[in-house]
Each structure stands twice: as structure tokens, then as C-alpha cells.
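In what follows, a single structure is set out as C-alpha cells and then discussed.
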Amino acid sequence: MTVTKHHHVSIFGLGYVGAVTAGCLAELGHHIIGADVQQAKVDTFKAGRSPIVEPELESLLQNAKRDGLLDATTDAAEAVNASQISIVCVGTPSQAAGRLNLDFVRKVCAQIAAAIREKKEQHKLLLRSTMLPGSTRKLVDENFSDLVTSGLLSVYYCPEFLREGTAVRDFREPSLAAVGTHDGKAPATNEALDLLGPNAQILEWEGAELLKYSCNYFHALKVGFANEIGRMAKHLGIDGARVMDVVCRDERLNISRYYLRPGNPFGGSCLPKDVNALSGLARIEGVNLPLLDHVIASNQAHLDALLEQITSKDVRRVGLLGLAFKADTDDMRGSAIVSIAEILLGRGYQLRIFDPSINLTRLIGANEAEIQRRMPHLAQLLCSSAEEVVRESEVIVASQKCVDVESLRTVAWAGKRVIDVNGWPELKTLPWGYEGICW
């Protein structure tokens, strides 16, 4: 990590994240003043001793003490007065039912705000404590709104991604760096933000807060998935470790960005069938796989949310751009959009559909049987062009990039609504009301 300017930094909370942040910033030449309510922890820190067990950290703090870069206090105002940047790393412990206790963060923020008002000098505040989305904005409204408005204070939310046992290495070479700003736009200068990771991704405060939970939830999900596959394998006399080792060798689909994009519920001839089959086998064999068992229910919940998004518009003419389960195929087995069409028809909606890959005269086998069973009057709903669908509809559900957007400009007039299901940003350029399924 390259840093061109050294700062005086106050770090509030000398627990795991705070101590590691302090040691690593001191290694880069910054002057650190730690702040904590526990005198014993402050004394330990001032002596250059680590308050936690973490490889390399003690030597970093010892070096910082030797070089005169390390101090600590129990006085919040003293810490603010001795720095231009404050980093809040205090704990947010769990309460009943999973709620977070933000009392420590609130108290520290109130102390920092009072000190800045007294100091009357520009200051930057980096909140690093793990908090649920909306917490930073609420803390700013409660404590800092006048300071932010006057230009004395800039507030950022910077989630941490430090793993116990490798925290120092993770700080030096972050796998991910992100900064939340009030509007999701990068600030004019990034010097303070570069402290916690260069080339950081910029999000709104709430997005940066959710990012931390998204990463941890994903890690927990991966552990749970591997363990459930492992339990099923063990029950069947299969080496689950070997199976998962081979799963991870596919870096195009399995260990990649693929599938990790909000959008259409999954469908097709494979995923629903195979998910149901393995869950069914687990139930027959008496193997408890609650995570895998709820994948179909999760997919249905996403489809229900899309349906609610459509029907909440209080109009009756709906157009579908795309019907098959994904683009460039005519496979409608398990298609979420077929399910949407089926439900809307049953509720008396007028539908118009365009899908360039669907030719009813070429449907054969299970695909033909599926559509005959679910939508026998499909031929009457299909249009020859996307323009016709848009012209005749009040709400358009776009699940496939199946047309040049510019060709829709003359029919996408104000008053119409388009729901983007799979990320088609060009739709925003047309003069209609745009919204995404998850954005």
C-alpha cells in the first residue's frame, strides 16, 4: 500500500479491529493516538503491547512506540484534538433476536462531535464498526448534521474485512476495499480513505454497510453449503471432501462472478429438477439439509416479489420482453417469466409477449408439452416485434436484451413503466419510468 502523506489519526476502540488498524497505519508512518474507555487497555497499548493475540501485531506496536508514533488516552477530546482523522472501531455486540447494540458507537460519536465543535478545525471521520444499513445516516443526523453542513466534518463508512489470524496481512493486501459516502459519489480528495485500502469501491453509506453483511453471509452460506453436501456424501458413502474439491476446480461458473447477480429467478430444465431431486433424496434418507431444502422456497419468494412489483402498478396491460428462462434459447421449462404470465392471465391481465427465440412451430417434446399445459393460447399473445409489445402495454417486464433499445424510443413514452429484471442499463435512457428488480 502506497501512502504519500502521513497523518495524525485517532482510533476509537482498541479491540481487534482498532488494534490491527493502529499497528498497520503506524507501520506506514502515521502518528496514532488510540482511545478506549478501559484504562488497562490504554496502558497496554501505550507500552507497545498488543491487547489481542494476532501474528505480527505486537512487533508493529513495539516499532511504533520506538519511533514515537504511538500514544493512547481515555479522553475522547484529547484524541480528536491530536488528530485530523478519527477512525471508530468500537464494538457493536449482539442483543436478543440478533439486534445490534450501538450504544458504544453512539457515545463515541457524541464525544467526537463535541470535540470537533470545540476544536473548530476540519476533521474526517471514518466509521469502521460493523453496523446494519441505515446506521451511519442515523448517527450523522443525530450527532454531526451541523458539522457536515458547515464543511467542518466529512463522514465515511469503511467496512473492514480482516480475518483473525491473518489480519495484518489482510490489512496490507486487502482482498476488498470499500468506502461509503452520503451520496455514493467519490469525494474530491481520497487521502483519508486511502488509509484503509487504495482503489476502494465507492458506495452509499447504506450500500457499504450492507456490503459487510453480504460478504459475511456469503462466507457463512458457503460453509453451510459445503457441510450439507459433505453430510449427504457421508451418508451415501461418498468422499464429500473430494466432491467439493472438484466443485471448486470450475472457476468459470462455480468459483466466479457467474450467477452472483440479482435478477431473474432461476429456471430451465436442470436447476429446478436437480434441486428438487437431491432435496427429495435427503428427505427419504433422513438427512437434514435445511439450507439446500429452502433453495426452491427462496426462488419462489423472489418470483413472488417480482409479481408484486408488477401488480402494484394498478394497471391491466402488461408486456413481456422475453419469455424463455434465459436469452438465446426457446426452453420455457421452469421459466419464471412463464410463471408470471400464467398468473397474470389467471388474474385477468392483458398480455403482450415478444421473444425472438420462440417459434411455436418448432417447439417439440417436453418443451411443447410444458407450454401446452401452462399456456395453450400463447400464439394469441405473441407479437412480431418488441415495439408492438411496448406500444400496447402500460407496464413492460424486460427479462431479456432482445431488441435495440433505440428502436423503442418512439413508443416508450412517459407514463409507461419498465421493470428491468436482468440488468439492461440502456433502458434508463428512454423517456419512461424505469425501475430494477433489485436496484
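The values are calculated or read from the model by the stated rules, or taken from the named source; none is laboratory data. On a predicted model such as this, the values are computed, not experimentally measured, just so you know. Note that each Cβ is placed from the backbone with ideal geometry, even for glycine, and that neighbours are counted across all protein chains shown. Accessible surface is based on the protein model in full, side chains and every heavy atom, while ligands, DNA and RNA are left aside. Shrake-Rupley method; radii C 1.70, N 1.55, O 1.52, S 1.80 Å.
Values computed for the structure shown
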| quantity | calculated |
| --- | --- |
| Residues of region 64-90 that turn out to be open to solvent by less than 10 Å² (accessible area, probe 1.4 Å) and out of contact with any helix residue (DSSP H, G or I) (no Cβ under 9 Å at 6 or more places or on another chain), as a count | 1 |
| Extreme residue, surrounded by the fewest Cβ atoms within 10 Å (Cβ to Cβ), among residues of region 425-439 that are out of contact with any helix residue (DSSP H, G or I) (no Cβ under 8 Å at 6 or more places or on another chain) and in a loop (DSSP other than H, G, I, E, B) | TRP439 |
| Which numbered condition ARG261 fails, given (1) touching a Gly at 6+ places or on another chain (Cβ under 9 Å); (2) touching a residue at least 12 places away in the same chain (Cβ under 8 Å); (3) surrounded by 14 or more Cβ atoms within 10 Å (Cβ to Cβ) | (3) |
| Verdict on LYS234 being surrounded by 13 or more Cβ atoms within 10 Å (Cβ to Cβ) and either small (Gly, Ala, Ser) or out of contact with any Pro (no Cβ under 9 Å at 6 or more places or on another chain) (or both) | yes |
| Subset of region 320-348 (residues that are open to solvent by less than 20 Å² (accessible area, probe 1.4 Å) and either of a type in the set (Val, Ile, Thr) or closer than 23 Å to GLU394 by Cβ (or both)) | LEU320, LEU321, GLY322, LEU323, SER335, ALA336, ILE337, VAL338, ILE340, ALA341, LEU344 |
| All positions within region 138-155 that are touching a strand residue (DSSP E or B) at 6+ places or on another chain (Cβ under 6 Å) and open to solvent by less than 20 Å² (accessible area, probe 1.4 Å) | VAL140, PHE144, LEU147, LEU153, VAL155 |
| Out of ALA220, ALA241, ALA188, sole residue that is under 17 Å from LEU125 (Cα atoms) and open to solvent by 50 Å² or more (accessible area, probe 1.4 Å) | ALA188 |
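Let's see how each residue does on (1) touching a Cys at 6+ places or on another chain (Cβ under 8 Å); (2) more than 15 Å from PRO133 (Cα to Cα); (3) of a type in the set (A, V, I, L, M):
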{"position": "GLN201", "(1), (2), (3)": "no, yes, no"}
{"position": "GLU209", "(1), (2), (3)": "no, no, no"}
{"position": "SER214", "(1), (2), (3)": "no, no, no"}
{"position": "PHE225", "(1), (2), (3)": "no, yes, no"}
{"position": "ILE229", "(1), (2), (3)": "no, yes, yes"}
{"position": "ALA233", "(1), (2), (3)": "no, yes, yes"}
{"position": "ASP239", "(1), (2), (3)": "no, yes, no"}
